[in-house]
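*Asks:* Structure incoming, see below.
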Amino acid sequence: MRATVFQFVTAALFAALTNAQTYTNCNPMLKTCPPDPALSGIYQHTYGGEAPNFKYLTSQASVKYGGKDGAVFRIAKPKDAPTIISSFYIMWGRYEVVLKPAPGAGIVSSIVLQSDDLDEIDWEWLGGKTAEAQSNYFGKGNTATYDRGAVHPVDSQARFHKYAIDWTAEKIDWLIDDVVVRTLTPNQVKGDFYPQTPMTARIGSWAGGDPDNEQGVINWSGGPTDFTKGPFDMVVQSIYVRDYSTGKEYTYSDKSGSSSSIKSNGGSIMGGGTNPGTPNLSSSSSSSSSSSSSAPSSGSSGSTSFTFNAPSNSGRIASATSKNHPKITLAVLAAIFIAIFIAISFH
């Protein structure tokens with residue numbers, strides 16, 4: 001009996017420690033968090049230099065600028081995981097990136113919309129699978145099942161494509177070169193796990209095939225990764241983000257993680273319509289009156305504009321974010337304490 005209890009305690013502790021490896025800085029489903037700064041408009045950047053209003057989450061030195069095709073997110077050695085994240089949030093909106101994902105067995109390239117309570121919508125590419133892209137989503141960090149992903153044929157490494165996510169309360173569309181390849185509606189989602197809270201925009205790559213990773217991650221990513229065949233470069237030409245809501249910031253009025261709990265300070269949720277507010281961004285770059293996004297030509301010197309006349313397993317960028325539903329995590333911890341108590345009682 002004691003051996004069985006000890007095995008359970010060991011397994012539970014391992015699960016808890018694994019869950020603790022990634023986290024969100026502040027989960028509004030667990031406590032009161034700071035407001036989320038709203039984009040409240042349109043953000044566009046064509047790479048020639050760093051993207052204003054994005055910060056480095058990891059591996060700043062691994063993002064290279066000045067190339068003729070765009071910014072290079074480079075994996076050259078184990079633990080490289082070049083990743084950027086927007087300083088702003090959108091509450092319903094559109095996210096487009098023109099890119100060519102990194103090649104290489106076990107190399108994962110991603111663009112992600114992710115919220116503080118771990119709602120998430122992804123595009124992902126596995127470097128060893130050159131003729132496909134993967135779409136995925138998560139709600140409230142729940143990874144109880146891995147049946148949310150889909151695979152889409154595309155010559156992803158042969159040339160640049162525009163990958164987009166269009167996200168509203170009614171549906172999520174994943175698009176390749178402006179063609180919808182997948183649509184998800186709330187009634188297709190089991191439970192209250194449809195992504196529905198303010199999101200940041202992220203771009204990054206990481207080595208799922210790093211030999212130090214868990215075997216399941218290595219297998220999923222198509223690894224192991226042979227770093228002697230690198231470097232492995234994801235090349236990003238442009239970013240376009242459009243917020244369908246307006247205001248200065250978004251807040252959670254309760255801990256439900258539901259869209260109805262999200263409030264806008266100084267604007268309205270889904271209030272952009274055809275006249276969203278001025279983007280809450282600061283930049284020395286000149287503004288543009290263009291209301292649509294387009295793929296830039298190779299060799300662009302780079303520009304940024306803020307316009308406002310128009311509104312897997314994995315899913316994970318190697319970052320400080322958790323895929324664990326807070327209630328699930330608490331249940332694991334409770335199980336640990338119960339198991340320890342039982343073990344002591346039978347000692």
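*Asks:* If you check residue 57 against the conditions, is it out of contact with any Asp or Glu (no Cβ under 8 Å at 6 or more places or on another chain), in a strand (DSSP E or B) and under 17 Å from residue 232 (Cβ atoms)?
*Replies:* So residue 57 fails the test.
*Asks:* Got a sec? Which of 39, 57 is out of contact with any Cys (no Cβ under 6 Å at 6 or more places or on another chain), closer than 14 Å to residue 200 by Cα, surrounded by 15 or more Cβ atoms within 10 Å (Cβ to Cβ) and at pLDDT 95 or above?
*Replies:* That would be 39, the only listed residue that is out of contact with any Cys (no Cβ under 6 Å at 6 or more places or on another chain), closer than 14 Å to residue 200 by Cα, surrounded by 15 or more Cβ atoms within 10 Å (Cβ to Cβ) and at pLDDT 95 or above.
*Asks:* How about the stretch 118-149: which of its residues are assigned to a strand (DSSP E or B), modelled with pLDDT of 95 or more and of a type in the set (A, V, I, L, M, F, W, C)?
*Replies:* 121, 123, 125, 126, 133, listed by residue number.
*Asks:* Identify the residue in the stretch 136-153 that is open to solvent by less than 20 Å² (accessible area, probe 1.4 Å) and not polar (S, T, N, Q) and, among all such residues, is farthest from the chain's Cα centre (by Cα).
*Replies:* 152
*Asks:* Let me ask something additional. Looking at (1) of a type outside the set (Ser, Thr, Tyr); (2) in a strand (DSSP E or B); (3) open to solvent by 20 Å² or more (accessible area, probe 1.4 Å), can you tell me which one residue 165 breaks?
*Replies:* (3)
*Asks:* Which one is surrounded by the most Cβ atoms within 10 Å (Cβ to Cβ) among residues in the stretch 168-203 that are acidic (Asp, Glu) and under 25 Å from residue 145 (Cβ atoms)?
*Replies:* Among those that are acidic (Asp, Glu) and under 25 Å from residue 145 (Cβ atoms), it is 173.
*Asks:* Collect the residues in the stretch 204-239 that are farther than 18 Å from residue 109 by Cβ and either open to solvent by less than 20 Å² (accessible area, probe 1.4 Å) or part of a loop (DSSP other than H, G, I, E, B) (or both), keeping them in residue-number order.
*Replies:* Selection gives 211, 212, 214.
*Asks:* Next up: Any chance the stretch 42-53 includes a residue that's hydroxyl-bearing (Ser, Thr, Tyr), open to solvent by 60 Å² or more (accessible area, probe 1.4 Å) and in a loop (DSSP other than H, G, I, E, B)?
*Replies:* no
*Asks:* Being crowded, with 23+ Cβ neighbours inside 10 Å and in a loop (DSSP other than H, G, I, E, B) is the filter here; which residues of the stretch 60-79 pass it?
*Replies:* Selection gives 70 alone.
*Asks:* When you go through 168, 228 one by one, which is the residue that is of a type in the set (Ser, Thr, Tyr), within 30 Å of residue 254 (Cβ to Cβ) and out of contact with any Ser or Thr (no Cβ under 6 Å at 6 or more places or on another chain)?
*Replies:* None of the other options fit; the residue is 168.
*Asks:* Yes or no: residue 107 within 14 Å of residue 236 (Cα to Cα) and at pLDDT 95 or above?
*Replies:* no
*Asks:* Just to be sure I understand, how many residues within the stretch 97-135 are open to solvent by 10 Å² or more (accessible area, probe 1.4 Å) and closer than 30 Å to residue 269 by Cα?
*Replies:* Of the residues in that region, 2 qualify.
*Asks:* Within the stretch 86-101, work out how many residues are touching a Pro at 6+ places or on another chain (Cβ under 9 Å) and either closer than 19 Å to residue 227 by Cβ or not in a loop (DSSP other than H, G, I, E, B) (or both).
*Replies:* Going through the stretch 86-101 one residue at a time, the tally reaches 5.
*Asks:* Another one. Yes or no: residue 162 closer than 19 Å to residue 234 by Cβ and of a type outside the set (A, V, I, L, M)?
*Replies:* Yes.
The values are calculated or read from the model by the stated rules, or taken from the named source; none is laboratory data. Owing to the predicted nature of the structure, the values given are computational and were not obtained by experimental measurement. In this analysis, Cβ positions are derived from the backbone assuming ideal geometry, glycine residues included, and neighbour counts consider all displayed protein chains. When the accessible area is computed, the model is the full protein with side chains, heavy atoms only, and any ligands, DNA or RNA have been set aside. Shrake-Rupley method; radii C 1.70, N 1.55, O 1.52, S 1.80 Å.
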